[in-house]
Amino acid sequence: MKELAHKNRSAWEVYASAKERKAMRSLAENYVDFISRCKTERETISYVEERLRTAGLKPGMGESGGFQTLYGKALFAVRRGKRPLSEGVRLISAHADSPRLDLKQRPLTEQVGVGQAKTHYYGGIHKYQWLARPLALHGVIVRDNGKSIPVVLGEKPGEAVFTIADLLPHLAKGLSGKTVGDAFEAEKLNLIMGHEPLAPTKPKKGEKEAEKEREPVKAHLLELLHKAYGIREDDLLSAELQAVPAGPASFVGLDEGLIGGYGQDDRICVFTALEAFLAVETPEHATCLIFWDKEEIGSDGATGASSRFFEYCVQDMIAAWEAQTTFRAVMLATRALSGDVHAAVDPDWQDLHEKLNSAFIGHGPCFCKFTGSRGKYGANDANPEYIGWLRGILDKREIPWQMAELGKVDAGGGGTVALFLAAYGMSVIDMGPALLGMHSPFELSSTADLYATKLAYQTFLEN
């Protein structure tokens, strides 16, 4: 009966040759560089755009392909296939945003001689994970004249970082009886920005002594920002600044088989999808990428998956290449992957998973037939005919893959962009590598899964 039973295959066992391990390592090193540099959706889309331009694709819809961006936060790219659009396209979707701390529009404050920036958390986080760790600031400040000023502070070697102070154990007795949600207040996630007060100006002869600043540390922070960027406090009203973990990603473990870093949900899928897309230069069907913003907060907004951006891009593609074909015909014939990560079974929290239907790190990319929670509410639920086709093309190339749910039925659940694509009638399923520590400031992925996911996406685009 052994040959009849299903068994997940370890990607480490499948890719065991020296040649495959060398290719795996090379891809992993490029990925570590990518997630070290791309910590916001803007930085991610900028990276993708640069790679597309290097590959010969240009903005707009050229004869052989092109790309379009929206507000620097969402991107659509396409390569024309040999077959007509009426036979559908091969689409991989992923999101470029990750949980973080956003600075409020009026962030700067001073309390007891400490200058701080107030934050509003973005997406699902454990608030305690963001305390007592080095943080960096990334984003843009837009002046009232329209000038956009990029900001990256706390990433260069030797450069000062930022942090949020944690409460010392000696005074934390009152927190011990509270739930995690109650013990850590969002309004106390204040970023420490500085401590040195502004030096008082010495009055010139005959002048009265200047009044002392009521908030001298804040005043000093404003002076430093003005020197560095030429801004005033009013300019922060039109800024978009994010506090993210400082420092580069890195390999983890004695064997360096894991990759640790911030924002792997979902930039690992952006990276692998882009690598697969660039590898398929003459596809059979048109190959498309769509990278979104706002997935972590419900996919709303102009750059989220619930917007019309994808629809507009496909309409432009049809108008440029096959005007007689209807949008409806293209959508109904399209096959798509919602590239998103999955939760791997945590060795210390195994009881939260139903192991027969859970993902294991190192066993290749994971299919999630349905998303949603509490009885599949809010789910995309992929058709079995589509799953059978995907199984066939991956098994033919001996690419390891697995099928899983997100935790036990009453304990888990979550959403992705798949249901927004399914609304057009296309075949779509979630597929991506499994992570440990998902949504934490230091997520873990497997170098073997990274490699297998890239090959799986490439196989999908080629078939």
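The values are calculated or read from the model by the stated rules, or taken from the named source; none is laboratory data. Note that the structure is a prediction, hence the values are computed from the model and not measured. For neighbour counting, all protein chains shown are included, and Cβ atoms are generated from backbone atoms with ideal geometry for every residue, glycine included. Only protein heavy atoms, including side chains, enter the accessible area calculation; ligands, DNA and RNA are left aside. Shrake-Rupley method; radii C 1.70, N 1.55, O 1.52, S 1.80 Å.
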Handout entry: Between the stretch 100-124 and the stretch 235-256, the Cα center-to-center distance that results, in Å
Key = 17 Å
Practice task
Please give the FRET efficiency for residue 63 paired with residue 383, using the beta carbon to beta carbon distance and R0 = 41 Å, rounded to the nearest 0.05.
Solution key: 0.75
Problem - Residue (of 314, 273, 325) at the positive-pole extreme of the stretch 251-354, dipole from beta-carbon charges - result: 325
Problem - Contact order relative to length of the stretch 201-293, as percent, for alpha carbon pairs under 8 angstrom and 6 or more apart - result: 11 percent
Handout entry: Karplus 3J(HN,Hα) series, Hz, for the stretch 225-239 with 6.51 cos²θ - 1.76 cosθ + 1.60 (x for Gly, Pro)
Key = 5, 5, 5, 7, 10, x, 10, 10, 4, 4, 5, 5, 5, 10, 10
Practice task
Using packing as a proxy for protection, rank 79-87, 346-354, 165-173, 334-342 so that the peptide with the highest average count of other Cβ atoms within 10 Å comes first.
Solution key: 334-342, 79-87, 346-354, 165-173
Problem - Accessible surface of residue 188 - all protein chains present, 1.4 Å probe, nearest 10 Å² - result: 130 Å²
Handout entry: Average Cα contact separation per residue, the chain, under 8 Å, 6 or more apart, as relative contact order %
Key = 24 percent
Fill in the blank from the handout: Per-residue ellipticity at 222 nm attributable to helices in the chain (runs of n ≥ 4 DSSP H, -39500 (n - 2.57) apiece, nearest 500 deg cm²/dmol) works out to -8500 deg cm²/dmol
Completion exercise
Checked the stretch 1-131 with the C-alpha gyration tensor, a ≥ b ≥ c its square-rooted eigenvalues, rounded below a/c of 1.5, otherwise prolate if a/b is larger than b/c and oblate if not; verdict oblate
Exercise for the section: With only Lys, Arg, Asp and Glu charged, each at its Cβ (+1 for the first two, -1 for the last two), find how big the charge dipole of the stretch 357-463 is about the Cα centre; round to the nearest 20 debye. Expected result: 80 debye
Exercise for the section: Sort largest first and round to whole Å: the equivalent ellipsoid semi-axes of the stretch 114-169, each the square root of five times a Cα gyration tensor eigenvalue. Expected result: 25, 15, 11
Fill in the blank from the handout: Going residue by residue through the stretch 324-338, the Karplus relation 6.51 cos²θ - 1.76 cosθ + 1.60 with θ = phi - 60° gives ³J(HN,Hα) values, rounded to whole Hz and with x marking Gly or Pro, of 6, 8, 7, 4, 4, 5, 5, 4, 5, 9, 7, 10, 9, 10, 8
Practice task
Evaluate the relative contact order of the stretch 1-120 (contact order divided by residue number), counting alpha-carbon pairs under 8 angstrom at least 6 apart; express in whole percent.
Solution key: 14 percent
Fill in the blank from the handout: For residue 212, the lysines lying under 19 Å Cα to Cα, once residues fewer than eight places off in the same chain are dropped, come out as 202, 204
Fill in the blank from the handout: Note, the stretch 415-421: 3J(HN,Hα) by Karplus (6.51, -1.76, 1.60, θ = phi - 60°), whole Hz, Gly/Pro = x, goes x, 9, 7, 4, 5, 6, 6
Exercise for the section: Go through 8, 402, 304 and say which Cα lies farthest out towards the positive end of the charge dipole of the chain; charges sit on Cβ, +1 for Lys and Arg, -1 for Asp and Glu. Expected result: 304
Fill in the blank from the handout: For the chain, the per residue accessible area (1.4 Å probe, Å²) is 49 Å²
Fill in the blank from the handout: Checked the stretch 232-328 with the C-alpha gyration tensor, a ≥ b ≥ c its square-rooted eigenvalues, rounded below a/c of 1.5, otherwise prolate if a/b is larger than b/c and oblate if not; verdict oblate
Practice task
Along Cα→Cβ, 7 Å out, is where each label goes; now give me the distance between the ones at residue 316 and residue 131 in nm to one decimal.
Solution key: 4.7 nm
Practice task
Please give the FRET efficiency for residue 328 paired with residue 376, using the beta carbon to beta carbon distance and R0 = 25 Å, rounded to the nearest 0.05.
Solution key: 0.40
Practice task
Assuming 1.306 mPa s and 10 °C, estimate D for the chain with Stokes-Einstein, Rh taken as the Kirkwood radius over Cα pairs, in µm²/s.
Solution key: 66 µm²/s
Completion exercise
Packing-ranked peptide list from 413-423, 427-437, 390-400, 444-454, highest mean Cβ count within 10 angstrom first, is 444-454, 427-437, 413-423, 390-400
Handout entry: Cα-Cα over 30 Å, subset of 104/369; 294/369; 355/396; 188/454; 22/396; 19/396
Key = 104/369; 188/454
Completion exercise
In nanometres, the difference between 0.36 nm per residue of separation and the alpha-carbon distance of residue 120 and residue 202 is 25.6 nm
Handout entry: Within the accessible area of the chain (1.4 Å probe), percent carbon and sulfur
Key = 53 percent
Completion exercise
FRET efficiency (residue 348, residue 37; Cβ distance; R0 30 Å; to 0.05) is 0.45
Completion exercise
Counting only protein heavy atoms and leaving out ligands, DNA and RNA, the solvent-accessible surface of residue 58 at a 1.4 Å probe, in Å² to the nearest 10, equals 140 Å²
